[in-house]
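S.K.: Before I ask anything, here is the structure I am working with.
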Amino acid sequence: MSGDEARRAAYLTAYELFEAVQSEAHAQALARIPLARERARRQDWPEVDLVLAGAAAVHDVSRPPSDLPLPPSAVTPLVEQAEAARLPALLAVALGLRGLAAAATGDTRGLMSDTSRAVALLDDELQPPLDRCTGLVVAAGVFNTLRLWELVDALYGRAADLGPSCDVPAMAAAIGVNRVLTRVEWAVGLLENGDEEQCLLRLRQALDAVPDALAQALPPLWRRDVEALGIVAGLLSGTPVADVAGQLTAVRASLEEDGDIEVLPLLDAAVAWSLWHSGSTEAAVEVANRLELVSSASSGARSFPLWVRAQVLAAAEPSVAVRAQQDHAAMLSRLRWESRQAVLVAAQAQIAAARRQAEHEGLSRAVRTDPLTGLDNRRTFDGWLDRGDSAPLAATALLLVDLDDFKAVNDNHGHDYGDEVLRRLGRLLLESVRPGDLAVRLGGDEFAVLLSGESLTADAARTRAAELHTAISSEAWGEVSRGLAVSASIGLAVSDGSDQGPDAAALYRAADAALYAAKGNGGDEVVVADDLDTGGRGAVTGPRSVPRSAWA
């Protein structure tokens, strides 16, 4: 298996664990994450490490390690990791998970801020479909805690559209399960508000979605959830309890055994409601007395069991006082529904504002991006170079890359082919950089790559430069134009991050001198500026040319 294939396999496995920590096999999945993260870090696969870290976070949010909900601050390191890695869709996933934690602690402001930003980030169609799809599912789950079902259903719709582009079958399964759950919760919200007509409409939509969800390869717990939700929708639509008694008993026992805290309370509430409506008052009261507030922080129907309990018990013992309390509860329900509508409008407005901000940032990036290659342009490099101080750099390596005799490419093959060479070189450079690094087109056929990170060493920088040099020479340039061959000269300078190390300007002078030496040697090689006179802030005492055989 090639390195790219191994990386892709690890990425997909990470997503399998992301789903598994939400199933009945959560403990086993959680136990596998530390070793998988260690491997991802060792291989320098930041996207894999982020998905694994997200899997651990979603487990802790949904199953807090203590009786107290996980605070949003516990997810902040994941957000910071995603920001540092410059992976927008995975940043959206991290923000969504922090939004879920905020929901559990009642931090609506934090929830709205994080999740609105997440939705805006997920508009980027250049991001991996699987990352975007996951981010949309998480964001939908967050907004579901505020009962914003219109928004939730739209987000699941977007996720469903991306499903065919995702390589993880569990993704389609998760979307199918969640769409059923959302529509049931939406229906019971309408029922609490007294809108039985719209409630029945959503229940029919939920029942229509059940077969599609069950057609997926669902984990056993998810399958039982869908079966239970189908029973809930049927009971609330008028199906008698006796008609589903056998299935109801089996499904309920399985949910209770699994410790379900989201679907089981809805199932019991639907049973009490159905018994009450069919005239089985004594049985309805018995079930209603067991009903409690849904404890799941992600539930959009937390109050429904208590509402059913109040309806059933009040009907069993009618009195003037009880009717007065019912009237008061109905008024509070209407006010709560109006409040929900106001929160929905606010959420939509905040998402629109986040999208405008993202668009503004996109325009700012466009100003700093080379249109031909997609790399950062000279403006970005100059910003790094003109740091406003002469402080020593952290561990940094600068590679200056110059194509050999590029004029001959334009003269012999044409400027259109020359542009394609530059575009391909841009892609090679982008593939060679990692989160925290920077690839820049300085102008013409001159490029720069900035490598950084605490783990960066001189040997690692030399290896990266050698790999890039080999990749340029080995590229299938003949596909661009028959007989085309391209090589490059690379000048490398490295700062070890010490207090006596060079500043940005000195590092640039050193790399430039090394590149000049490479070109003077005839090109097509890497030259390293090994000996920086740090007392002179980067005067080069002698670049060293390394034969290509030594870089193999």
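S.K.: Let me confirm something: among G444, G418, which residue is surrounded by fewer than 18 Cβ atoms within 10 Å (Cβ to Cβ) and more than 26 Å from R41 (Cα to Cα)?
M.R.: On the way: G418 fails: surrounded by fewer than 18 Cβ atoms within 10 Å (Cβ to Cβ).
Answer to the check: G444.
S.K.: Select, from A366, A349, A354, A358, the only residue that is open to solvent by 40 Å² or more (accessible area, probe 1.4 Å) and at pLDDT 85 or above. Break it down stepwise before answering.
M.R.: Working: A366 fails: at pLDDT 85 or above; A354 fails: open to solvent by 40 Å² or more (accessible area, probe 1.4 Å); A358 fails: open to solvent by 40 Å² or more (accessible area, probe 1.4 Å).
Of the residues listed, the single one that is open to solvent by 40 Å² or more (accessible area, probe 1.4 Å) and at pLDDT 85 or above is A349.
S.K.: In addition: From the set of residues in region 257-278 that are modelled with pLDDT under 90 and either part of a helix (DSSP H, G or I) or not small (G, A, S) (or both), which is surrounded by the fewest Cβ atoms within 10 Å (Cβ to Cβ)? Write out each step before concluding.
M.R.: Within region 257-278, the first condition is being modelled with pLDDT under 90, and the residues that meet it are 257-262.
Among the residues that remain, those that are also either part of a helix (DSSP H, G or I) or not small (G, A, S) (or both) are: 257-258, 260-262.
Details: E257: 10, D258: 16, D260: 20, I261: 16, E262: 21.
Checking each candidate, the answer is E257.
S.K.: Kindly indicate whether A466 is crowded, with 19+ Cβ neighbours inside 10 Å and touching a residue at least 24 places away in the same chain (Cβ under 8 Å).
M.R.: Numbers: crowded, with 19+ Cβ neighbours inside 10 Å: no; touching a residue at least 24 places away in the same chain (Cβ under 8 Å): yes.
So A466 does not fit the description; no.
S.K.: Right, another one. If you take the residues in region 101-152 that are under 20 Å from E359 (Cβ atoms) and of a type in the set (G, A, S), which one is surrounded by the fewest Cβ atoms within 10 Å (Cβ to Cβ)?
M.R.: In this case the residue turns out to be S113.
S.K.: List the number of the failed condition for V312; all other conditions in (1) open to solvent by less than 30 Å² (accessible area, probe 1.4 Å); (2) touching a Pro at 6+ places or on another chain (Cβ under 8 Å); (3) of a type in the set (A, V, I, L, M, F, W, C) hold.
M.R.: It fails just one condition, (2).
S.K.: Taking region 225-256, which residues are open to solvent by 50 Å² or more (accessible area, probe 1.4 Å) and not hydroxyl-bearing (S, T, Y)?
M.R.: Within region 225-256, E227, G238, P240, A242, D243, G246, Q247, A250, R252, A253, E256 meet the criteria.
S.K.: List every residue pair whose Cβ atoms sit under 8 Å apart, with the two residues 6 or more apart in sequence or on different chains, where the first one lies in region 215-242 and is among the basic types (K, R) and the second, anywhere, is outside any helix (DSSP H, G or I) and open to solvent by 50 Å² or more (accessible area, probe 1.4 Å).
M.R.: Listed by first residue and then by second, the contacts come to R224/D258.
Conditions tested, residue by residue: (1) part of a helix (DSSP H, G or I); (2) modelled with pLDDT of 95 or more; (3) not aromatic (F, W, Y).
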residue: P34; (1), (2), (3): yes, yes, yes
residue: E47; (1), (2), (3): yes, no, yes
residue: L52; (1), (2), (3): yes, yes, yes
residue: P69; (1), (2), (3): no, no, yes
residue: A82; (1), (2), (3): yes, no, yes
residue: A101; (1), (2), (3): yes, no, yes
residue: R109; (1), (2), (3): yes, no, yes
residue: D114; (1), (2), (3): yes, yes, yes
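S.K.: If you check F381 against the conditions, is it surrounded by fewer than 20 Cβ atoms within 10 Å (Cβ to Cβ) and among the aromatic types (F, W, Y)?
M.R.: On the way: surrounded by fewer than 20 Cβ atoms within 10 Å (Cβ to Cβ): no; among the aromatic types (F, W, Y): yes.
When the stated conditions are applied, F381 does not pass them.
S.K.: As an exercise: evaluate S474 against (1) farther than 20 Å from D524 by Cβ; (2) out of contact with any strand residue (DSSP E or B) (no Cβ under 9 Å at 6 or more places or on another chain) and give the number of the one condition it does not meet.
M.R.: (1)
S.K.: Consider A159 carefully, then state whether it is at pLDDT below 95, aliphatic (A, V, I, L, M) and either open to solvent by less than 20 Å² (accessible area, probe 1.4 Å) or part of a helix (DSSP H, G or I) (or both).
M.R.: Yes, satisfied.
S.K.: Taking region 499-514 as the region of interest, how many residues are more than 15 Å from L442 (Cβ to Cβ), in contact with a helix residue (DSSP H, G or I) (Cβ under 8 Å, 6 or more places away or on another chain) and modelled with pLDDT of 90 or more?
M.R.: Total satisfying the criteria: 0.
S.K.: Of all residues in region 116-130 being assigned to a loop (DSSP other than H, G, I, E, B) and aliphatic (A, V, I, L, M), which is farthest from A160 (Cα to Cα)? It would help to see each step written out before you state the result.
M.R.: As a first pass, look at region 116-130 and keep what is assigned to a loop (DSSP other than H, G, I, E, B): 122-128.
So of that shortlist, the ones also aliphatic (A, V, I, L, M) come out as 122, 126.
Details: L122: 14, L126: 17 Å.
Checked region 116-130; the qualifying residue farthest from A160 (Cα to Cα) is L126.
S.K.: Further question on the same structure: Return the pairs, sorted by first residue and then second, in which the second residue is among the polar types (S, T, N, Q) and open to solvent by 30 Å² or more (accessible area, probe 1.4 Å), the first residue lies in region 1-26 and is farther than 20 Å from R223 by Cβ, the beta carbons are less than 9 Å apart, and the residues are 6+ apart or on different chains.
M.R.: G3/Q43; A6/Q43; R7/Q43; A10/Q43
The values are calculated or read from the model by the stated rules, or taken from the named source; none is laboratory data. Since the model is a prediction, treat every value here as computed from it, not as a measurement. Ideal geometry is used to build each Cβ from the backbone, glycine not excepted, and the neighbour counts take in all protein chains shown. Remember, those area values only see protein heavy atoms, side chains included, never the ligands or the DNA or RNA. Shrake-Rupley method; radii C 1.70, N 1.55, O 1.52, S 1.80 Å.
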